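In what follows, a structure is listed as structure tokens, so that the remarks can point back to it.
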Amino acid sequence: MILFPAIDLKDGVCVRLEQGDMARATVFHRDPAGQAHAFEAQGFEYLHVVDLDGAFAGKPMNVRAIDRILETVAFPVQLGGGIRDMATIEGWLGKGVDRVIIGTAAVREPALVRSAAQKFPGRVAVGLDARDGKVAVKGWAETSELSALALARRFEDAGVAAIIYTDISRDGLLKGLNLDATIALAEAVDIPVIASGGLASIDDVKALLAPAARKLAGAIAGRALYDGRLDAAEALRLIRVARV
């Protein structure tokens, strides 16, 4: 189980949104590269970065901030937001991003996911963001008619490295992960599933390490790390102990 600290970028700074609403953004750090370095120094193994402006614009927008992160840290980075064509995928992977996350394009152009996963094995993930069980797109501004499970099953044989499953209703609100829905998805497909949205405390980490959640590949932590509700050292210690 990998715990991914999150850096969400808006206008070049680190923010956290509530339920994906750009009007409900809290700035937590004005130096994203500095924040990334701090996470690496704390002992995290993998960084989760989202270009929020890019998700709405449909193309990369926080390029300078992401470039600085890639120049600053040595641990792997997975990146989502505004990645909707092969040129963008190739560009980010060429710059040193370890894994790209495709969200909107996974709904609208599934062939892109398949082509990219075949061309870059192990380096393409699908961002599956759900509101009331339906997949949302374009920075969560629109909700499709496609269910989360239906979308996940589209890519069962595509070679996708992971699915990042976010419960939008919980994201940024510190209400706890929707483990029931996330575990159900993980048990229904063969693709590794990463939980996202609402991780609030060390109790969530303990729940992730319980036998019932054994199929989950990881979880993303955001606001709880920034406001101190989640002790990074204790969370990472529990994960290390569970691996032994």
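The values are calculated or read from the model by the stated rules, or taken from the named source; none is laboratory data. The structure displayed is predicted, hence computed values, not measured ones. Cβ sites come from the backbone with ideal geometry, for glycine too, and all protein chains shown count toward neighbours. Heavy atoms of the whole protein, side chains included, go into the accessibility calculation; ligands, DNA and RNA do not. Shrake-Rupley method; radii C 1.70, N 1.55, O 1.52, S 1.80 Å.
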### Query
Roughly speaking, what is the stretch gain from Ala23 to Ala38, that is 0.36 nm per residue apart minus the C-alpha to C-alpha distance, in nm to one decimal?
2.7 nm
### Message
Let me check something: with ligands and nucleic acids excluded, how do Arg99, Arg229, Arg237 order by accessible area (1.4 Å probe), largest to smallest?
### Response
Arg229, Arg237, Arg99
### Message
Let me make sure I get this right: for the stretch 1-113, a, b and c are the square roots of the gyration tensor eigenvalues over alpha carbons, sorted descending. Under 1.5 in a/c it's rounded, otherwise prolate if a/b > b/c, else oblate. Which is it?
### Response
oblate
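Give me the accessible area per residue for the stretch 33-99, probe 1.4 Å, as a whole number in Å². Intermediate values should be presented prior to the final figure.
Numbers: 2680 Å² over 67 residues.
In whole numbers, the stretch 33-99 has 40 Å² accessible per residue.
Hey, any idea what % of the stretch 53-183's accessible area is carbon plus sulfur with a 1.4 Å probe? Working shown, then result.
Details: 2610 of 5460 Å².
Answer for the stretch 53-183: carbon and sulfur cover 48 percent of the accessible area.
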### Query
Given the convex hull of the Cα atoms of the stretch 54-159, what is a quarter of its surface area in nm²?
6.5
## Note on the structure
Inter-part gap, Cα centre of the stretch 1-21 to Cα centre of the stretch 170-244, in whole angstrom, is 16
### Message
Net charge within 12 Å of Val241 by Cβ-Cβ distance, Lys/Arg positive one each and Asp/Glu negative one each, not counting Val241 itself?
### Response
+3
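For the stretch 93-220, compute the number of Lys pairs whose alpha carbons are separated by less than 20 Å, excluding pairs fewer than 8 positions apart on the same chain. Present the calculation step by step, with values, prior to reporting the outcome.
Values: Lys95/Lys119; Lys134/Lys175; Lys175/Lys206; Lys206/Lys215.
Close lysine pairs under the 20 Å cut-off: 4.
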### Task
Report the relative contact order of the chain, percent, no decimals, based on alpha-carbon pairs under 8 angstrom and at least 6 residues apart.
18
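Working out 0.36 nm times the residue gap between Arg240 and Lys215, then minus their Cα-Cα distance, what length gain in nm do you get to one decimal?
7.3 nm
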## Note on the structure
Expected field for Leu93, accessible surface area in Å² at 1.4 Å probe radius, rounded to 10, holds 10
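Work out the P(r) tail for the stretch 150-195: percent of alpha carbon pairs separated by more than 18 Å, whole number.
Values: 293 of 1035 pairs.
That tail contains 28 percent of the Cα-Cα pairs.
Once the Cα gyration tensor of the stretch 34-81 is diagonalised, what are the square roots of 5 times its eigenvalues, in whole Å and ordered largest first, as equivalent ellipsoid semi-axes? Show your work: numbers first, answer last.
Details: eigenvalues 90, 21, 12 Å².
With the √(5λ) rule applied to the stretch 34-81, the semi-axes are 21, 10, 8 Å.
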### Summary
Percent antiparallel among DSSP beta bridges confined to the stretch 1-155, nearest 5, equals 50
